[in-house]
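To start, the structure itself, in structure tokens.
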Amino acid sequence: MQTLANFGDGGGPGPWILLFPVIWALVIGGGVALLRRTVWRGRRNNPWRQPTVENDSPIAVLGHRFASGEIDEDEYWRRLSVLNEEFGRKGGTA
């Protein structure tokens, strides 16, 4: 009767025994890669993600009005400076 320890000419199982750990490493690595590309993607700080600005904030509304052409550039900068003083924007100018 041949057992795994006495496979072939009695020299042991041979190099094919490494196939099972390699298969498990590929399965686990594939699972981790799949999770990183799907579930975990939104949880970390993504540099390509748009900054979250509330659409109803006064500065966002002012930006939308300027972009749509409702107000000109001089009025935009004048109102933005007032909003920056009132809301205390950090980091200098807008």
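The values are calculated or read from the model by the stated rules, or taken from the named source; none is laboratory data. As the structure is a prediction and not an experimental result, all values here were calculated from the model. Side chains are part of the model used for accessible areas, which takes the heavy atoms of the whole protein and leaves out ligands, DNA and RNA. Shrake-Rupley method; radii C 1.70, N 1.55, O 1.52, S 1.80 Å.
Scanning region 26-76 for residues that are modelled with pLDDT under 90, under 30 Å from E86 (Cα atoms), in a helix (DSSP H, G or I) and of a type outside the set (A, V, I, L, M) returns P58, G63.
Only one of the numbered conditions (1) modelled with pLDDT under 85; (2) open to solvent by 60 Å² or more (accessible area, probe 1.4 Å) is violated by G14, and that is (2).
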